[in-house]
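Below is one structure, written out as structure tokens, with a few remarks after it.
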Amino acid sequence: MSWFQREIRLNPRRRGCHLVHNEIVNQIPELKSFKVGLANVFLQHTSASLMINENADPDVQKDMEMGLNKIVPESFPYIHTAEGPDDMPGHLKSGIVGVSLNIPITNGRLNLGTWQGIYLCEHREHGGSRRVVVTLQGEKK
């Protein structure tokens, strides 16, 4: 059993759901050396989240953002407002969607479905770059 771990950075993005699959995979070339295993992708932030969703139609990204904004509106009378009106809704969305993914590794690649990709859901207008810890565990080739 082999282990590998790396902290990577994702480019800053505006609020919304962004397909970051290739940006993550390109920063972990060590993935290619694993025959079978698991990849844990963990976001080190509380006002953004990670999800797996459809990677083909960009309208999915827009609809996900609209849906999250409907479920967690900025207009709610939050108490925690010191960091701006998008901060507390960002915390709630992060808690609902989650900050960690476990993805199978098969023959040196993430074994996702045909139309699946990794998304960063940025819940703040200006969240900045985001740190992600990728941990690979498994049998090497």
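Could you list all residues from segment 24-39 that are closer than 14 Å to LYS141 by Cα and either buried (at least 16 other Cβ atoms within 10 Å of the Cβ) or under 13 Å from the mean Cα position of the chain (by Cα) (or both)?
Of everything in segment 24-39, those that are closer than 14 Å to LYS141 by Cα and either buried (at least 16 other Cβ atoms within 10 Å of the Cβ) or under 13 Å from the mean Cα position of the chain (by Cα) (or both) turn out to be LEU31, PHE34, GLY37.
With the checklist (1) closer than 18 Å to GLY127 by Cα; (2) more than 12 Å from the chain's Cα centre (by Cα) in hand, flag the one item VAL97 doesn't pass.
Status for VAL97: all satisfied but (2).
Search segment 57-77 for residues that are in contact (Cβ under 8 Å) with a residue 12 or more places away in the chain and within 19 Å of HIS91 (Cβ to Cβ) and pair each with any residue that is open to solvent by less than 60 Å² (accessible area, probe 1.4 Å) and part of a helix (DSSP H, G or I) when their beta-carbon atoms are under 6 Å apart and the residues are at least 6 apart or on different chains.
Final answer for the pair search is LEU68/LYS93; VAL72/PRO89; VAL72/LYS93; GLU74/PRO89.
Tell me which residues, restricted to segment 2-23, are more than 14 Å from the chain's Cα centre (by Cα) and open to solvent by less than 90 Å² (accessible area, probe 1.4 Å).
Across segment 2-23, the qualifying residues are SER2, PHE4, ARG6.
What do you reckon, is PRO73 open to solvent by 30 Å² or more (accessible area, probe 1.4 Å) and under 23 Å from GLN5 (Cβ atoms)? Don't jump to the end; show me each part of the working.
Working: open to solvent by 30 Å² or more (accessible area, probe 1.4 Å): yes; under 23 Å from GLN5 (Cβ atoms): no.
The answer is no for PRO73.
The values are calculated or read from the model by the stated rules, or taken from the named source; none is laboratory data. From a predicted model like this one, the values you see are computed outputs, not experimental measurements. Positions of Cβ are generated from backbone atoms using ideal geometry, with glycine treated the same way; all protein chains shown enter the neighbour counts. Areas reflect the complete protein model, heavy atoms only, side chains present, ligands, DNA and RNA absent. Shrake-Rupley method; radii C 1.70, N 1.55, O 1.52, S 1.80 Å.
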